[in-house]
Amino acid sequence: MSTLIATGTDTAWASVRPAECAAGGLGDPGGPTWSADGRVAVLVAAIEGADRRWVRQVWRIDCAAGDLTPVCRAEPIRTVAGRWVGDIAPDGSHVAYVAEDQDQPRLVLAACADRTLTKIHNERAIDALRFSPDGKRLAYVSTATREVVVLDLAQSTGVRLGRPDLLGSRPPILLRWTDDGRSLMLLTADGTLCTVTPDTLAACRIWPDTWEGVAEPTEFSMTRVPLEDERLLPATDAFETVPPAAADLEPSLKELPVQVVVEQ
């Protein structure tokens with residue numbers, strides 16, 4: 001199988017052969033996330049395992065070198081309504097996801113370049129994760145407490161922001177960060193649009209009417225735990241490089257089989 005990889009105006013071919021029981025496609029409709037220089041892409045793939053179950057895996061593509069590297073191969077990623085619960089940093093440097101493990105709930109941060117996995121929070125009641133535009137913060141809505149949670153990845157601190165009368169009786173949907181990275185936009189079960197600003201604690205309703213209030217903060221410290229379990233580390237043999245297809249398609253005349261026909 002030959003894969004065409006484009007980087008800006010340059011195009012490179014990488015010939016790869018899927019390993020045994022490693023067939024699938026993109027595991028996220030959003031497609032890959034590209035680094036600012038266009039040299040690296042990070043995507044989530046849907047891979048069929050040996051037990052015939054489809055799992056999500058994170059892959060890093062170095063387009064300049066034509067290398068495909070699994071960031072986390074065996075870790076099962078939580079899915080909700082067919083979509084993976086995770087996000088890719090805007091520069092493709094990190095991936096955050098929720099592990100599909102009811103016994104050991106965890107929010108995992110994966111560094112794509114050196115392929116290290118770190119548990120940064122004990123949480124599973126999450127339907128969506130969102131990196132801030134600068135990649136320094138990670139936000140989600142806790143479906144258990146209906147609070148907006150913002151994690152500061154550089155400081156290893158977090159804050160829970162609650163405002164029940166604004167966010168409603170059911171968990172709101174976290175839509176996105178605003179372009180300036182200051183506020184989060186949410187859609188409540190009642191169909192109202194709201195914003196929450198972690199730095200100022202402002203909690204506002206902007207549709208269908210306007211209302212302003214203050215969120216109730218609860219600060220906490222994140223506990224970082226490196227994941228060194230062999231089951232979670234990336235596999236080195238997920239793909240193997242094969243010779244270009246042209247080598248098999250252009251044999252010389254000397255290599256062609258000779259057939260002698262004798263007429264009677």
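Bear in mind these aren't lab numbers, they're just calculated from the coordinates by the rules spelled out. Everything numeric in this text was worked out from a predicted model, so none of it was measured. Note that we place each Cβ from the backbone using ideal geometry, even for glycine, and neighbour counts take in every protein chain shown.
Multiplying the sequence separation of Ala189 and Ala64 by 0.36 nm and subtracting their Cα-Cα distance, what value in nm do you get?
40.5 nm
Quickly work out the Asp179-to-Thr118 label distance, labels modelled 7 Å from Cα along the C-beta direction, and quote it in nm with one decimal.
Output for this residue pair reads 3.2 nm.
Tell me, in nm to one decimal, what length is gained between Gln102 and Arg224 on full extension, where the rule is 0.36 nm per residue of separation less the Cα-Cα distance?
Gain on extension, Gln102 to Arg224, equals 42.0 nm.
Rounded to whole Hz and in sequence order, give me ³J(HN,Hα) for the range 93-109 from the Karplus expression 6.51 cos²θ - 1.76 cosθ + 1.60, θ = phi - 60°, writing x for Gly and Pro.
My calculation for the range 93-109 gives 7, 9, 10, 10, 8, 9, 6, 8, 9, 6, 6, 10, x, 7, 9, 10, 10 Hz in order.
Net charge around Asp134, counting only other residues with Cβ within less than 12 Å of its Cβ (Lys, Arg = +1; Asp, Glu = -1)?
Around Asp134, the surrounding residues sum to -1.
In which sequence would Ile173, Ile77, Ile88 go, from the one with the fewest C-beta neighbours within 10 Å to the one with the most?
Ile173, Ile77, Ile88
Within the range 125-149, which residues have the backbone N less than 15 Å from the label spot 7 Å out from Val80 along Cα→beta-carbon, could you tell me?
Answer for the range 125-149: 125-131, 139-149.
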